[in-house]
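Participant: Sharing a structure with you now.
The values are calculated or read from the model by the stated rules, or taken from the named source; none is laboratory data. Not measured: the values here are computed from a predicted model. In this analysis, Cβ positions are derived from the backbone assuming ideal geometry, glycine residues included, and neighbour counts consider all displayed protein chains. Heavy atoms of the whole protein, side chains included, go into the accessibility calculation; ligands, DNA and RNA do not. Shrake-Rupley method; radii C 1.70, N 1.55, O 1.52, S 1.80 Å.
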Amino acid sequence: MVQISGTLVALSLLQFTWGLPEACTGICNNSHDPAIIRRADGTYFRFSTGGRIAIHTAPNITGPWTYRGAALPRGSSINLAGNQDLWAPDIAQVGNQYYLYYSVSTFGSQNSAIGIARSTSLDAGTWTDLGSTGVVSNPSLPYNAIDGNLINEEGTNNYFLTFGSFWRGIHRVRVTPTQKHGDAYQVAFDPRDPAIEGPTVFKNGGFYYLFFSKGSCCGYDRNRPAPGKEYRIMVCRSTSPVGPFVDRDGRSCRDGGGTLVLGTHQWVYGPGGQGVYRDPVLGPILYYHYVDTRIGFGDGQKKFGWNRINFSSGWPVV
């Protein structure tokens, strides 16, 4: 009983330090699995699951956010179920090109693929669908090919796509921006609880930080998970983009490791689907979706949240 109480006190103290989401105005819902980037002219773009990858723009990270249309209004050319209902966008700039990664799948299926589109401006109506990256999955493989995130090894021309959801966890494959090279390998897995997904890798200082979402993501209005089992954001780190990744206690991310970055607190419930962006004005920010318990728990009510990240301890604190 003493151990349980101590755990609850420690958790309460940790939650007390979490900042509430920073300001957001305009359209702050329609933001499941957001991906953020700032164009050179100062315009912020937000891409999100649904609506064939919805695009919103704003003059500031705080908004006001305005809907601009679908990135891929005709859906994806990938011949898989779900190619008209695209998931989990990720946005990256390589040279003067922008690359938009997206997932084609249906809920609970391992028949999945990560697709890619390209634009020189980010604007709606300018995206060319390039089809599959070659990162695909089926029930014979240990991973699910969704939730792609591109990372460049600093100082090199090496690019890696980190991806995965449930099954045997999160994997990594070497890529050019448009095509995979070589076999995928595992970088994170919890053998006792496979509910991990949505990886994001972010370089800060001498470390590559692997952020991921853990827990139940969706349908909170129909079937709320047990307390502590809802979506939350975790992290491990490595000195190399290929790993191995460990948490703050030195536990391997391939064996259930993961340090909690942000979870349910006050009226913020189930934060996840995160990304990390080095804003030229604000520095590193963590962005994510969450539900506001004062409004409702439906998937369509998920809101866009963001916080600055403090890395002064060597670990991300929001």
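Participant: No solvent, one uniform scatterer per C-alpha: report log10 I(q)/I(0) for the chain via the Debye equation at q = 0.14 1/Å, two decimals.
Facilitator: Reported log10 I(q)/I(0), two decimals: -1.07.
Participant: Under a cut-off of 19 Å between alpha-carbon atoms, report the lysines in cross-link reach of Lys180, not counting same-chain residues fewer than 8 places apart.
Facilitator: Here the lysines satisfying the reach criterion relative to Lys180 do not exist.
Participant: Here is a further query. Explain nothing, just the number: relative contact order of the range 174-318, from Cα pairs under 8 Å at least 6 residues apart, as a whole percent.
Facilitator: Once divided by the residue count of the range 174-318, the mean separation gives 19 percent.
Participant: Label points 7 Å out from Cα along the Cβ direction at Phe107 and Asp183: separation in nm?
Facilitator: A separation of 3.4 nm, rounded to one decimal place.
Participant: Which of the lysines could a cross-linker bridge to Lys302, judged by Cα under 23 Å and excluding same-chain residues fewer than eight apart?
Facilitator: In chain and number order, the partners are Lys214, Lys229.
Participant: Still on this structure, I have one more. For the range 207-236 and the range 78-122, compute the distance between their C-alpha centroids and round to whole Å.
Facilitator: First find each Cα centre; the distance between them is then 22 Å.
Participant: Right, another one. Could I have the simple spin-label model distance between Asp193 and Asn138, label points 7 Å from Cα toward Cβ, reported in nm to one decimal?
Facilitator: 3.4 nm
Participant: To continue, here is another question. Largest first and in whole Å, what are the equivalent-ellipsoid semi-axes of the range 158-198 based on the Cα gyration tensor, each being the root of 5 times an eigenvalue?
Facilitator: On the way: eigenvalues 98, 15, 9 Å².
Equivalent ellipsoid semi-axes, largest first: 22, 9, 7 Å.
Participant: Let me ask something else. For Ser165, Ser313, Ser77, give me the order by solvent-accessible area with a 1.4 Å probe, most accessible first, ignoring ligands, DNA and RNA.
Facilitator: Ranking Ser165, Ser313, Ser77 by accessible area, largest first, yields Ser77, Ser313, Ser165.
Participant: Could you grab the relative contact order for the chain? Cα pairs under 8 Å, six or more apart, rounded to a whole percent.
Facilitator: Once divided by the residue count of the chain, the mean separation gives 14 percent.
Participant: I want to check the label-to-label distance for Ser121 and Ala23. Put each point 7 Å from Cα in the C-beta direction and report it in nm to one decimal.
Facilitator: It works out to 3.0 nm between the two label points.
Participant: Taking the radius of gyration and the Kirkwood hydrodynamic radius from Cα positions alone, what is the Rg/Rh ratio for the range 74-124, to two decimal places?
Facilitator: 1.02
Participant: Please list, in order along the range 266-278, the HN-Hα scalar couplings obtained from phi with the Karplus expression 6.51 cos²θ - 1.76 cosθ + 1.60 (θ = phi - 60°), rounded to whole Hz, x for Gly and Pro.
Facilitator: After applying 6.51 cos²θ - 1.76 cosθ + 1.60, I find 6, 9, 8, 10, x, x, x, x, 7, x, 10, 9, 8 Hz.
Participant: Starting from 0.36 nm per residue, how many nanometres of slack lie between Asn157 and Asp299 once their C-alpha separation is accounted for? If you can, show how the numbers build up before the last one.
Facilitator: Numbers: separation 142, 0.36 × 142 = 51.12 nm, distance 3.86 nm.
Using 0.36 nm per residue and subtracting the Cα-Cα distance, I get 47.3 nm.
Participant: Largest first and to the nearest Å, give the Cα extent of the range 164-237 along each principal axis.
Facilitator: Largest to smallest, the principal-axis extents are 41, 28, 24 Å.
Participant: Quick one: compute a quarter of the convex hull surface over the Cα atoms of the range 242-318 and quote it in nm². Spell out each step's value before the answer.
Facilitator: Working: hull surface 27.2 nm².
Approximately 6.8 nm², given one-decimal rounding.
Participant: When the dipole is taken about the Cα centre of the range 144-213, and only Lys, Arg (+1) and Asp, Glu (-1) are charged at their Cβ, what size is it in debye, to the nearest 20?
Facilitator: 120 debye
Participant: Using amide H atoms built in the peptide plane, which far-off residues or other-chain residues are under 5 Å from Arg68 H to H?
Facilitator: Ile55, His56, Thr57
Participant: Related question: Can you give me the long-range amide H partners of Val135? Hydrogens built in the peptide plane at 1.01 Å from N, cutoff under 5 Å, separation of 5 or more residues or another chain.
Facilitator: Distant-sequence amide H within range of Val135: Ile114, Lys180.
Participant: For the range 238-315, what relative contact order do you get, as a whole percent, if you take Cα pairs closer than 8 Å and at least 6 residues apart?
Facilitator: Relative contact order of the range 238-315: 19 percent.
Participant: Ordered by residue, what ³J(HN,Hα) values in Hz, to whole numbers, does the range 235-240 give under the Karplus form 6.51 cos²θ - 1.76 cosθ + 1.60, where θ = phi - 60° and Gly and Pro are x?
Facilitator: Each residue of the range 235-240 in turn: 8, 10, 9, 8, 7, 10 Hz.
Participant: Okay, moving on. At a temperature of 10 °C and a viscosity of 1.306 mPa s, determine how fast the range 45-198 diffuses translationally according to Stokes-Einstein, using the Kirkwood radius over alpha-carbon pairs as Rh; express D in µm²/s, rounded to the nearest whole number.
Facilitator: Reported coefficient: 101 µm²/s.
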